[in-house]
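See structure below.
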Amino acid sequence: MPIAPRSNEDLLRAISYFGVLGQAEIKALAEASELRKTGRSGHLFKEGDRAEGLFIVRTGEFKITKGEEVQGDKEEREQILYIARPGRPIVDGVRFDGGAYPAGAVAMRVSSAILIRNEVLAALGERKPALFKALIDLRAHRSDRLVALVSDLSLRTVPARLASFLWALMCQREARGEEHLRMVRDLTTETVAARLGTVREEISRALASLERAGALAVTPDLIEIIDPAKLEAIAFGREKTQRR
């Protein structure tokens, strides 16, 4: 039996930064929210469009991305900045200067999100300044993550970035009590490449490098982590992968 999505109020209460708001403010934001739905590969918003406000994912998942996967018949590189899943805020459109979205949001499957428009946020913020603090903290958190991403892309090798990605995925699955050493390859090579700021050929080479190093065993359908300690060492710079 499918799990019903949380109410708009529940989604807002689950955002830790909104803990500074009272029940009346949470209710006001929930009542002013709009539901947006989109099919797989549909845009929640496009880079360059006028920013509308704060989105919170209700169902499915969205990738926040720079560039496009395909333009006409020419394939382009894409950089996924982050992936937003149910309960996660998308803050790129929170601004009060009439500016545009700096990136686009694309549904990775049938998905939905609620939107609280900037006009609503500004009006409530005038009466409840704690809301502005919460929004600033949300934007600052996202900015910190983007700075970390830039550092990762510019200073680390693709095998190290891939090892870090797999290490984090392994830890997340272990924390949820799921199988974490044998991982079905449910993300396409193109999606992983876009998340790590490279191309699929480099991901294939990085997988082969990690396999030669003894950290992984790779098949078309499965990635098996053979040596978690070695994968961690490669991910965090304490060991270099073998090179041909």
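Do we have any residue at all in the stretch 12-35 that's in a strand (DSSP E or B) and closer than 18 Å to Glu119 by Cβ? Yes, that holds for at least one residue. Highlighted here are the helices (runs of 4 or more DSSP H) found entirely within the stretch 75-182 that include at least 2 residues which are among the aromatic types (Phe, Trp, Tyr): 158-175.
All conditions in (1) modelled with pLDDT of 95 or more; (2) under 19 Å from Val150 (Cα atoms) hold for Asn118, with the sole exception of (2). Kindly list the number of the only condition in (1) touching a helix residue (DSSP H, G or I) at 6+ places or on another chain (Cβ under 7 Å); (2) more than 30 Å from Gly104 (Cβ to Cβ); (3) assigned to a helix (DSSP H, G or I) that fails for Glu211. It is condition (1) that Glu211 fails. Exactly one residue out of Glu52, Glu68, Glu25 is in the same structural domain as Ala103 (by TED's automatic domain parsing) and at pLDDT 95 or above: that is Glu52.
The numbered conditions (1) surrounded by fewer than 12 Cβ atoms within 10 Å (Cβ to Cβ); (2) touching a residue at least 60 places away in the same chain (Cβ under 8 Å) are all true for Leu155 except (2).
Reported count of residues in the stretch 37-50, each being closer than 22 Å to Gly125 by Cβ and buried (at least 18 other Cβ atoms within 10 Å of the Cβ), is 1.
Only residues that are surrounded by 12 or more Cβ atoms within 10 Å (Cβ to Cβ) and over 20 Å from the mean Cα position of the chain (by Cα) were counted in the stretch 181-221, giving 17. Looking only at residues in the stretch 1-51 that are over 18 Å from Val94 (Cβ atoms) and polar (S, T, N, Q), which one is farthest from the chain's Cα centre (by Cα)? This residue is Gln23.
The values are calculated or read from the model by the stated rules, or taken from the named source; none is laboratory data. Remember, predicted model here, so these are calculated numbers, not experimental data. Because the Cβ atoms are built from the backbone with ideal geometry, glycine has one as well, and the counts that use them run over all protein chains shown.
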